[in-house]
Ligand code: NDP
């Protein structure tokens with residue numbers, strides 16, 4: 001049916017590539033392109049012979065628009081799947097505009113020198129994408145992504161009005177290291193050390209980093225401490241869920257992770273301010289990334305499960321209603337299936353599904369869109385089919 005150019009060859013891209021190769025009817029051909037070509041070649045070597053999908057590889061610096069345009073013109077994909085880092089979102093969108101190619105990603109743009117992520121930069125491309133007759137699908141991972149589809153599903157099938165929404169992201173996995181991050185350490189640490197915020201009564205309420213803490217008993221994981229974070233989907237959901245009064249995002253962290261993070265912060269290792277070291281300029285957080293375990297290598301060591309979902313409160317037919325929709329994913333099972341831990345898996349599967357929605361024409365609207373702006377039904381069906389089945393509860397424990 002179509003051809004995808006996949007940019008990036010890290011933890012998330014590896015899962016997406018496996019999933020595209022399981023879905024050869026839709027992904028007849030893929031080109032994996034990244035900064036380090038050997039990682040693309042390794043992926044190709046692992047999959048070739050096991051799939052009908054034709055795989056090619058290429059080297060690209062996705063910070064360079066001209067290089068990207070040249071690659072897109074050579075490969076001629078129907079869609080570019082941006083599975084590199086949030087820093088590359090705008091350059092890749094520029095190249096898609098220049099070549100009139102559909103675009104999707106899993107995380108919103110963040111400037112390298114400012115630990116601040118918001119949609120304004122990407123939403124500014126709306127008119128240009130519309131005029132070019134191409135579509136950009138923003139945030140097709142788990143959160144954002146599946147949590148956004150869950151919201152569209154709740155709006156369409158479960159509620160007349162949604163008033164409160166809590167997104168709970170629990171990783172009950174244990175990789176055996178005292179400190180490691182489950183996806184790109186630089187992006188992860190920037191997210192966790194930033195101020196928290198939530199949406200209430202039409203405005204943002206800001207908190208100190210990790211100031212708001214709750215304990216929740218997660219199905220098949222157990223009791224975990226979770227902390228309120230600023231998270232990108234809150235920004236778009238606040239606009240796209242009519243009448244919403246409050247949206248919060250919580251993520252679980254273990255005590256060992258937080259103690260190490262505190263210590264690294266105290267000694268300046270999480271800073272993104274460049275410093276001079278032995279005649280060379282380095283950024284402490286990037287140096288830290290270089291010494292931490294690569295998230296792509298955590299797969300064989302990680303045991304336990306993730307449990308991520310959304311609790312909604314609102315009204316249906318004039319009555320109060322509560323609804324929890326969530327997915328539980330087992331690190332060891334995903335490793336057996338695609339050689340990756342569940343955090344990469346829960347992001348890579350929806351990345352493939354988002355691209356499939358565009359390639360099959362199920363979602364087809366020129367412009368720049370967030371996931372919850374589309375009909376959730378085909379995506380919800382695809383989650384069940386492609387490895388992230390969802391569960392529901394109409395009587396969940398609420399977060400105070
Ligand atoms: P990794 O660090 O494992 O992989 C990133 C990949 O991008 C690497 O292959 C890297 O190449 C490549 N890359 C980086 N810079 C460039 C560049 N300038 N040009 C070309 N390639 C480049 O990250 P993850 O796979 O863990 O994360 C990928 C994305 O998924 C991130 O944007 C992350 O924020 C997002 N994410 C989204 C989630 C969600 O639920 N929505 C959850 C988790 C992650 P190299 O090998 O040379 O470094």
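Going from the residue with the fewest nearby Cβ atoms within 10 Å to the one with the most, 218, 379 rank 218, 379. Normalised by the number of residues in the range 43-177, the average gap of Cα pairs under 8 Å and 6 or more apart makes the relative contact order 17 percent. Legend: ranking of residues 234, 399 from fewest to most surrounding C-beta atoms inside 10 Å; resulting order 399, 234. In terms of the Cα gyration tensor, with a ≥ b ≥ c the square roots of its eigenvalues, is the range 54-194 rounded because a/c is under 1.5, prolate because a/b exceeds b/c, or oblate? Judged from the Cα gyration tensor, the range 54-194 comes out oblate (a/c at least 1.5, b/c at or above a/b).
For the range 2-138, DSSP calls about 0 percent of its internal beta bridges antiparallel. Each Cα pair under 8 Å and six or more residues apart adds its separation to the average, and for the chain the resulting relative contact order is 21 percent.
Shape class for the chain: rounded, because the ratio a/c of the largest to smallest gyration tensor axis (alpha-carbon atoms, square roots of eigenvalues) is under 1.5.
Would you mind telling me which residue in 43, 388, 288 has the biggest mean-square fluctuation in a Gaussian network model of the chain, where springs connect alpha carbons within a distance under 10 angstrom? Result: 288 has the largest fluctuation of those listed.
Beta bridges assigned by DSSP with both partners in the chain are antiparallel in approximately 60 percent of cases.
Among 248, 128, sorting on how many other beta-carbon atoms sit within 10 Å of each Cβ, with the fewest leading, yields 128, 248.
Coordinate-derived values only; no laboratory data. Treat the numbers as computed from the prediction; the structure is a model and nothing was measured. So basically every Cβ, Gly included, is an ideal-geometry build from the backbone, and we count neighbours across all protein chains shown.
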